[in-house]
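Colleague: Right, I'll just put the structure down here and ask away after.
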Amino acid sequence: MIKKIRKKLITILLGAIIIFLAIGITLGAFYGKVWFQEGNPIPLLTSIVKLEFSNDNFVQYSTTPEAYISKSKGNRQELIEGKMGEKDWILIDQMGNAYFFEKKDERKVVTTRQYTRRYFVWEVEVEG
């Protein structure tokens, strides 16, 4: 009796492992390039979770370079201009996916790019 239960348990466990591996390989094949396009996906994925469970418009996922992730809905320029305005940066120009800011004699460029259909990332770079 115990041998039958043990045999069934092992069969179920092996079946579950095979199913999870198959799902992981399939997802990796289809979405692997998307997940790893920015390098290590863990900071971005944890930031997406924070973004989904908060009322924030963006979440910082890196300090070097200073980088954020936001939902694709809404006005990107207003979002970026608001964040930079908190530190007294003034938008002076916008070309394509780049926003140029100035404060006194310093300049910064914020570049944006689509991460997934629902999210975009943006980095703040010192112009030099």
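Rule-based calculations on the coordinates, nothing more; no lab input. Source: prediction; values computed, not measured. Quick reminder, even Gly has a Cβ in these numbers, built from the backbone with ideal geometry, and neighbours come from all protein chains shown.
Colleague: Pairs LYS83/LYS103; LYS50/LYS87; LYS73/LYS108: which exceed 21 Å Cα-Cα?
Modeller: LYS50/LYS87; LYS73/LYS108
Colleague: In addition: For SER72 and ARG107, what does the FRET efficiency come to when R0 = 25 Å and r is the distance between their Cβ atoms, rounded to the nearest 0.05?
Modeller: For SER72 and ARG107, the calculated efficiency is 0.40.
Colleague: Provide the FRET efficiency to the nearest 0.05 for the PHE53-ARG6 pair, computing r from the beta carbons and using R0 = 35 Å.
Modeller: The computed FRET efficiency comes out at 0.25.
Colleague: Which residue, GLY85, GLY74, GLY15, tops the fluctuation ranking in a GNM of the chain built on C-alpha contacts under 10 Å?
Modeller: Among GLY85, GLY74, GLY15, the largest mean-square fluctuation in the Gaussian network model of the chain belongs to GLY15.
Colleague: Continuing with the same structure: List every DSSP H helix in the chain whose Cα atoms extend 27 Å or more along the helix's own long axis and whose mean Kyte-Doolittle hydropathy is at least 1.0.
Modeller: Counting only whole DSSP H runs, the qualifying helices are 2-35.
Colleague: Using helices alone, what [θ] at 222 nm do you get for the chain, with -39,500 (n - 2.57) per DSSP H run of 4 or more residues, divided over all residues and rounded to the nearest 500?
Modeller: Mean residue ellipticity at 222 nm (helix-derived): -14500 deg cm²/dmol.
Colleague: Now a separate question. Considering only ARG117, ARG107, ARG76, give the residue with the highest GNM mean-square fluctuation for the chain, with springs between Cα atoms whenever their separation is below 10 Å.
Modeller: Per the Cα network of the chain with a 10 Å cutoff, ARG117 tops the list.
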